Structure formats: C-alpha cells, structure tokens
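What follows is one structure encoded as structure tokens, with my remarks underneath.
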Amino acid sequence: MTKKLLLGMTFGLSLITTNLLADDPKARAIMEKVDAREDGKTIEQDMTMILIDKNGKKRTRNLHTYGKDFGKDEHSIMFFKSPADVKNTAFLTYDYDKASKDDDQWLYLPALKKVKRIPSSDKSSSFMGSDFSYFDMTDRDLEDYDFKLLKETKVRGKKVWMIEATPRNKKVIKESGYTKTIGLVRQDNYVVVRSIGFMRNGKKKYLDMARLHKQGGVWLPDVLTMTTKKGKRTLHKTVLNFKNIKLNKNIPDSMFSTRRLEKGL
C-alpha cells in the first residue's frame with residue numbers, strides 16, 4: 001500500500017541529513033515488509049461501494065475489478081455495473097514501481113464517450129464521490145516518506161505497530177493531500193488494518209479494514225471503510241465489500257488498456 005527531488009545543493013545536503021535522522025530504521029524495515037507482502041499475480045473480484053452521507057443516506061454502486069502484475073508494476077481496472085447513473089464508467093490505473101515515474105490513471109465517462117486522463121494536480125480529489133481519492137487508489141513510494149515507530153498496541157485483539165509516515169517534500173503533500181499518515185500494521189501478517197490520514201484542509205480520513213481473510217497464502221480484505229471527519233463530526237463514509245475473489249487466474253494483458261475502458265465488460 002509510494003521519492004522526489006531535493007531543492008538546492010547546500011540546502012539539499014542538510015535536508016538529507018535531517019531525513020536520515022528523522023527516519024526510523026525499524027519503522028522503515030516494517031514498511032518494506034508491508035510493501036513486499038505477497039498479494040498474488042492477478043486478482044479478479046466483485047466490489048460493492050456504499051456511499052453514506054452525513055445524514056446516513058446511502059447510495060450503492062456495484063463494480064467488477066481486475067488487477068495484474070506487469071513485472072514490478074501493477075495495473076488495475078474497475079468497471080461500474082450499476083446503478084444506471086454510473087453504469088459503464090470505468091477506471092484504469094498503471095501503478096509504477098519506479099518512484100521517479102508518476103502513476104498513470106484514466107477515467108472513462110460513458111455520457112461523454114470520452115477517456116479522461118487524471119493529472120497529478122487532481123490526484124487528491126475524490127474518486128467517484130467516495131471518501132477515497134485518486135491518490136488512495138495507488139501504492140505509496142516508500143522513498144517519499146520518513147517513518148517513525150510510535151508504539152505497539154492492539155487492534156481487535158491482534159498486536160500492531162503504530163507507524164507515522166511524513167512526506168519528505170511539498171510535492172508529495174500537494175499531490176496526495178496528506179500532511180502525514182498514521183498506520184497500524186498487524187505484526188503477524190504485515191497488513192495495514194487501520195490508518196489516519198491528516199489532510200491539508202484540516203480534515204482527517206480514517207481507514208479501517210473491518211474484516212479480512214487468507215486465501216491461497218494471500219491476505220485479502222472482505223470489508224474496508226473510509227470515513228472523513230472534521231473534528232468529531234463525520235462528514236461522509238464509504239464502505240467497500242469484496243466477494244467472489246479469484247487469485248492468480250489468467251487475465252489477458254489487453255484487459256488493461258484505454259481501449260478496454262471504452263469497450264467495458
């Protein structure tokens with residue numbers, strides 16, 4: 001679950017020293033294991049997205065998603081099946097392992113019959129009205145952050161490490177929308193089961209992996225929630241439910257193309 005340039009020669013050297021002092025080797029080692037955790041070569045699944053507004057009103061969207069490893073890179077595509085107002089909308093992501101290369105994302109809007117590329121300046125905006133941003137839909141480059149181990153605690157009876165991630169430069173903050181993130185990593189499987197994202201606008205986003213299971217040696221989420229709050233007030237909530245998960249099945253490379261976005265399922 002993603003490294004940028006330092007500004008100025010002399011200032012850059014002092015910033016490198018500061019980063020080395022700020023970065024906790026134990027916390028980074030944990031996050032490297034999180035990043036390297038086995039997640040399968042391919043995945044296909046059904047997903048239900050439930051949008052809940054501040055008054056408790058719900059809207060439900062049904063999707064079918066695919067993901068595949070392309071060497072060290074990961075490609076994923078989502079197709080909205082219902083309701084009618086979002087049917088045939090599709091979203092494609094190329095998540096690059098090379099940190100110097102920005103991830104590519106495209107959204108197909110059937111009403112316009114047009115594929116729209118998501119620019120870096122829009123990555124912090126909401127994905128399809130949910131509490132997840134376009135940035136949340138990609139992995140984070142570890143080299144973009146300093147990590148600090150805050151403490152050890154428990155979540156649902158399981159031991160976790162609480163780790164703070166702080167962006168190393170303003171570009172990452174601007175693109176992500178987060179000034180820092182605190183994640184809770186399960187010690188037995190290196191899964192981030194909860195996190196708090198501190199946003200530039202003063203709001204916070206709370207991620208919770210409410211339920212997960214192990215399938216074919218891979219830990220997978222069953223229910224995932226993201227809640228946006230300002231202070232103690234809940235502004236919006238998104239619940240993702242996953243089912244019919246198929247791992248390591250053959251998925252053609254052609255599935256992950258802008259042409260397939262327009263073609264649909």
- Thr48: hydroxyl-bearing (Ser, Thr, Tyr) and modelled with pLDDT of 95 or more, yes or no? yes
- Across the range 118-137, what is the total count of residues that are touching a helix residue (DSSP H, G or I) at 6+ places or on another chain (Cβ under 8 Å) and either aromatic (Phe, Trp, Tyr) or in a loop (DSSP other than H, G, I, E, B) (or both)? 5
- Query: Does Glu152 count as at pLDDT 95 or above, part of a strand (DSSP E or B) and more than 18 Å from the chain's Cα centre (by Cα)?
  - Reply: yes
- Item | Set Met128, Met137: member being surrounded by 14 or more Cβ atoms within 10 Å (Cβ to Cβ) and on the phi > 0 side of the Ramachandran plot | Met128
- Query: Taking the range 242-254, which residues are surrounded by 18 or more Cβ atoms within 10 Å (Cβ to Cβ) and within 21 Å of the chain's Cα centre (by Cα)?
  - Reply: Phe242, Ile245
- Query: Under the condition of being basic (Lys, Arg) and farther than 18 Å from Gln45 by Cα, which residue from the range 71-112 is surrounded by the most Cβ atoms within 10 Å (Cβ to Cβ)?
  - Reply: Lys101
- Right, Lys151: more than 27 Å from Asp104 (Cβ to Cβ), basic (Lys, Arg) and surrounded by fewer than 18 Cβ atoms within 10 Å (Cβ to Cβ) or not? yes
- Message: Which pairs turn up if I take residues in the range 89-117 that are over 13 Å from Asp139 (Cα atoms) and look for partners that are basic (Lys, Arg) with beta carbon separation below 7 Å, at least 6 apart in sequence or on another chain?
- Response: Ser100/Lys3; Trp106/Lys116; Trp106/Arg117; Leu107/Lys116; Leu109/Lys116
- Task: Starting from residues that are among the aliphatic types (A, V, I, L, M) and under 23 Å from Lys68 (Cβ atoms), keep the ones in the range 85-117 and report whichever is nearest to the chain's Cα centre (by Cα).
- Result: Leu92
- Task: Among the residues of the range 167-194, write down those that are farther than 16 Å from Glu152 by Cβ and in contact with a strand residue (DSSP E or B) (Cβ under 8 Å, 6 or more places away or on another chain).
- Result: Pro167, Arg168, Val172, Ile173, Ser176, Gly177, Tyr178, Thr179, Lys180, Thr181
- Message: Residue pairs, Cβ under 7 Å, 6 or more apart or interchain, first in the range 46-70 and surrounded by 15 or more Cβ atoms within 10 Å (Cβ to Cβ) and assigned to a strand (DSSP E or B), second among the acidic types (Asp, Glu) and modelled with pLDDT under 95. List them.
- Response: none
- Answer with yes or no whether Gln187 is surrounded by fewer than 16 Cβ atoms within 10 Å (Cβ to Cβ), over 18 Å from the mean Cα position of the chain (by Cα) and under 21 Å from Thr48 (Cβ atoms). no
- Does Val239 count as in contact with a Lys or Arg (Cβ under 7 Å, 6 or more places away or on another chain) and in a strand (DSSP E or B)? no
- Message: Looking at the range 10-31, can you tell me whether even one residue there is surrounded by 15 or more Cβ atoms within 10 Å (Cβ to Cβ), modelled with pLDDT of 95 or more and polar (S, T, N, Q)?
- Response: no
- Message: Just to be sure I understand, how many residues within the range 192-213 are part of a loop (DSSP other than H, G, I, E, B) and of a type in the set (Gly, Ala, Ser)?
- Response: 1
- Query: Which one is modelled with the lowest pLDDT, of the residues in the range 98-117 that are assigned to a loop (DSSP other than H, G, I, E, B) and under 17 Å from Val172 (Cβ atoms)?
  - Reply: Ala99
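The values are calculated or read from the model by the stated rules, or taken from the named source; none is laboratory data. Fair warning: this is a prediction, and the values are worked out from it, not measured in the lab. With ideal geometry, Cβ positions are generated from the backbone for all residues, glycine too; neighbour counts draw on all protein chains shown.
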